[in-house]
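The values are calculated or read from the model by the stated rules, or taken from the named source; none is laboratory data. Bear in mind the structure is a predicted one, so any value in this text is a computation, not a measurement. Reconstructed Cβ throughout: ideal geometry from the backbone, glycine too, with neighbour counts over all protein chains shown.
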Amino acid sequence: MYDFKIEAADTATMYYDLASALEGLVAGEPDAVANMANAAALIWETLPGLNWAGFYRNVGGELVLGPFQGRAACIRIPFGNGVCGAAAASLQVQRVDDVHAFPGHIACDSASVSELVVPIVRDGALIAVLDLDSPMLARFTQEDEVGCVGLAEILASAI
Ligand code: SME
């Protein structure tokens, strides 16, 4: 059993602790699905205010649903479509305060209002995106973006 109780006083410390826990979880494990599944569970348990946390994988130039926590979601997303597809096509983090104002946003769960999508890149190539959704307006801050980029860097060599 893994029992990570991350109760940090501030966001930066929380992401530091989360990154340490993630490094421990994936250490020595080469299976990408197992590592994405545990990462999704850890993020879901640690970050407050989420209604979805998980991965879309780059499968032959299309995003395909990977391990996640939350409601059942759209399975395939073409590069360039929606928030995840924008992150995949540009290799840039997408931090969206209100998805209803994002052109082409794909509503997998009507409860989602804000979204953070971080590309996971290895040797210049997109492996997957980490996708976090929240029912709160502007849930994700610059600190969340920096913290999740750190998590994506750990995952880049683990998935
Ligand atoms: N809203 C996303 C689709 C994935 S779900 O949020 C799980 C998008 O626009 O890419």
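Would you check which residues across the stretch 78-98 are charged (D, E, K, R) and crowded, with 20+ Cβ neighbours inside 10 Å and list them? Once the filter is applied, which keeps residues that are charged (D, E, K, R) and crowded, with 20+ Cβ neighbours inside 10 Å, the stretch 78-98 yields only 95.
Restricted to the stretch 62-73, and to residues there that are touching a helix residue (DSSP H, G or I) at 6+ places or on another chain (Cβ under 8 Å) and more than 10 Å from the ligand (Cβ to nearest atom), the residue that is nearest to residue 36 (Cα to Cα) is 67.
Just to be sure before I move on: is residue 94 more than 13 Å from the chain's Cα centre (by Cα) and not aliphatic (A, V, I, L, M) in the structure I sent?
Details: more than 13 Å from the chain's Cα centre (by Cα): no; not aliphatic (A, V, I, L, M): yes.
It is false that residue 94 is more than 13 Å from the chain's Cα centre (by Cα) and not aliphatic (A, V, I, L, M).
Taking residues in the stretch 8-26 that are among the β-branched types (Val, Ile, Thr), and partners anywhere that are at pLDDT 95 or above, the pairs with Cβ atoms closer than 6 Å and at least 6 places apart or on different chains are 11/143; 26/35; 26/158. In the stretch 74-115, the residue that is farthest from the ligand (Cβ to nearest atom) out of those that are in a strand (DSSP E or B) and closer than 22 Å to residue 127 by Cβ is 95.
Out of everything in the stretch 39-61 that is touching a residue at least 60 places away in the same chain (Cβ under 8 Å) and assigned to a helix (DSSP H, G or I), what residue ends up being nearest to the ligand (Cβ to nearest atom)? Outline the logic, then answer.
Step one: of the stretch 39-61, the residues touching a residue at least 60 places away in the same chain (Cβ under 8 Å) are 39, 43, 47, 49-58.
Applying the additional criterion that residues be assigned to a helix (DSSP H, G or I) yields 39, 43.
On the way: 39: 15, 43: 13 Å.
For the stretch 39-61, the residue satisfying everything is 43.
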